[in-house]
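Asks: Below is a structure I'd like to ask you about.
The values are calculated or read from the model by the stated rules, or taken from the named source; none is laboratory data. What you see is a predicted model, and the numbers here were worked out from it, not measured in a lab. For neighbour counting, all protein chains shown are included, and Cβ atoms are generated from backbone atoms with ideal geometry for every residue, glycine included. We work out accessible area using only protein heavy atoms, side chains counted, and drop any ligands, DNA or RNA first. Shrake-Rupley method; radii C 1.70, N 1.55, O 1.52, S 1.80 Å.
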Amino acid sequence: MKFYFHDAFMTAIISITGRSGSGKTTLIEGLIGHFSEKGLKISIIKHLRHEFQMDHPGKDTWRYREAGAGGAAIMNESEFAVTGRHGGTLDPRTLAERFFPDADLVIIEGDRESAIDKIEVIGDSAEQPLYRSGIANIIALASDREIPSVLPLFKRDDVAGIGQFIEKKLFPGG
């Protein structure tokens with residue numbers, strides 16, 4: 001299920017965002033099952049705000065990158081992994097289009113800054129919810145608390161309801 005956006009062929013993308021420990025990963029696991037049961041191909045991009053290391057010192061892909069390669073991939077007959085540097089110029093939509101062109105839906109976990117539509121998962125944190133912190137493009141909330149907001153509110157475990165909301169938003173008429 002692809003859709004057209006500004007006259008260009010694009011993969012449907014939604015971001016699930018929220019504070020650490022809010023339940024983002026659990027919700028995404030449920031959404032993967034929800035959409036997979038409908039026959040959709042789902043891919044995930046985990047967006048971090050901190051450094052991470054996929055390559056391990058001494059391994060071949062790490063050695064290639066240390067030698068100056070901008071990227072390295074490892075694969076076998078059924079899986080692949082790509083690691084590379086992008087100098088801060090790569091956005092989640094471009095990454096999704098480049099690496100997951102066959103996906104019907106790409107779910108991004110954690111991206112707060114992009115213009116991609118977001119569903120905020122609100123857990124038990126005492127911190128102010130992101131939708132009240134100036135984070136743009138939050139279109140719905142998932143929380144087990146009552147939240148005073150004009151945004152649609154779902155329980156965090158309402159995978160079917162959230163999935164249907166995403167379908168209506170990203171696949172209108174689909």
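Asks: At 1.4 Å probe size, with every protein chain present, just tell me what the per residue accessible area of the chain comes to in Å².
Replies: 60 Å²
Asks: Further question: ASP91's amide H: which non-local residues (gap 5+, or another chain) put their own amide H closer than 5 Å, with H modeled 1.01 Å from N in plane and none for Pro or chain starts?
Replies: Those qualifying (amide H under 5 Å, at least 5 residues apart or on another chain) number zero.
Asks: If you don't mind, there's one more thing I want to ask. For the range 87-128, run through the GluC sites (Glu not before Pro) and keep only the ones in DSSP coil with at most 15 other Cβ atoms within 10 Å of their Cβ.
Replies: Passing both the DSSP loop test and the Cβ count: GLU113, GLU127.
Asks: Of (i) 62, 40, 35; (ii) 53, 39, 29; (iii) 59, 41, 28, which one was derived for Cα extents along the principal axes in Å from the structure shown?
Replies: The value computed from this structure is option (ii).
Asks: Also: Could you run the Karplus curve 6.51 cos²θ - 1.76 cosθ + 1.60 with θ = phi - 60° over the range 151-168 and give me ³J(HN,Hα) per residue in whole Hz, x for Gly and Pro?
Replies: 6, x, 10, 10, 5, 4, 9, 7, 4, 5, x, 5, x, 5, 4, 4, 4, 5
Asks: Next question, about the same structure. Non-local amide H neighbours of ILE138 (under 5 Å, H modeled in plane, Pro and chain starts lacking H): which ones?
Replies: Correct list: LYS118.
Asks: Report the relative contact order of the range 17-127, percent, no decimals, based on alpha-carbon pairs under 8 angstrom and at least 6 residues apart.
Replies: This gives 47 percent for the range 17-127.
Asks: With θ set to phi - 60° and the Karplus curve 6.51 cos²θ - 1.76 cosθ + 1.60, what are the ³J(HN,Hα) couplings of the range 102-111 in order, to the nearest whole Hz, using x for Gly and Pro?
Replies: 8, 6, 7, 9, 10, 9, 9, 9, x, 5
Asks: Can you give me the % of accessible surface on the chain that is carbon or sulfur? Probe 1.4 Å, all protein chains present, nothing else counted.
Replies: 52 percent
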